[in-house]
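I have placed the structure first, in the form of structure tokens, so that the comments after it can refer back to it.
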Amino acid sequence: MRKTIFFMAVAVCTLLGAAAARATSDSFVWKDGTYGYTFSFPDSWGIQTKDTPYTRIRIAGPINDDLATCSIQAKKDGRLQIYPKRLMTQAVDETLDRAFWQRQVAQHDGAVIRKFIAPASLGGRGDATAIKETFIEDTGHGLVNMYGEQIASIYGNMRYVVGCSAKIDQYNKYAPVFASIMASIELSPRYAPFATGYYRDFLSDPQLALPRTQPGTINVKNSYQVQQQ
């Protein structure tokens, strides 16, 4: 059975004199063919067990004690398919509103939304809203204060939620990595580049110049002689 989800290493090659090229993995590119998105993350990060039924992938940073993680959730959501693309920003803002985020952060203990951002954009295509939050993580060895960001988009018939978090005192260290991971997300195109009935002003096109020769000949038309009967 052909897998719809695969990842591949992006190799960085270094040549040292006459020695053979040595390839080292720099980042992973993860493509989810089922849910239509691609993103990349550092190769030093590992893939963890999924934490919710809708989590497609969850990754963790190389230092376990920092509790740095990112995850992508994807779920079918066709509520906004009736809207044309030009109205999606407003439709998403009103659908993925503060009430939506209150339900979303309920998966975290002691979650408090510190900032609500609307409108936002996911992957340069999906209209979105976003939040910054604090919450408490039970590590099994005690409670830890956490800080994180989440962004959600309804694009086509899918709803995506991307979140990254770390220990509150370590968050600034990971903020550039989190930003890079979120910025790398690309959503598969779901909308035509032009609206239905897109009008092109064809009257402004250059005038069409027709050749003055008969089809299949290279002779100028007026060089022909009419044969008298």
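The values are calculated or read from the model by the stated rules, or taken from the named source; none is laboratory data. Please read all numbers here as calculations on a predicted model, not as lab measurements. Cβ placement follows ideal geometry from the backbone for every residue including glycine, while neighbour counts extend to all protein chains displayed.
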Fill in: residue 65, sole failed condition from (1) surrounded by 11 or more Cβ atoms within 10 Å (Cβ to Cβ); (2) at pLDDT 50 or above; (3) in contact with a strand residue (DSSP E or B) (Cβ under 9 Å, 6 or more places away or on another chain)
(1)
Worksheet entry | All positions within the stretch 25-62 that are surrounded by 13 or more Cβ atoms within 10 Å (Cβ to Cβ) and of a type in the set (Val, Ile, Thr) | 29, 38, 47, 55, 57, 59
Discussion item. Here's a check for you: in the stretch 149-194, which residue that is among the charged types (D, E, K, R) and modelled with pLDDT of 95 or more is nearest to residue 32 (Cα to Cα)?
Written reply: 186
Discussion item. Going residue by residue through the stretch 65-88, is there one that turns out to be of a type in the set (S, T, N, Q) and without any contact (Cβ under 8 Å) to a residue 40 or more places away in the chain?
Written reply: no
Discussion item. Looking at the stretch 96-118, can you tell me whether even one residue there is more than 28 Å from residue 172 (Cβ to Cβ), surrounded by 13 or more Cβ atoms within 10 Å (Cβ to Cβ) and more than 19 Å from the chain's Cα centre (by Cα)?
Written reply: yes
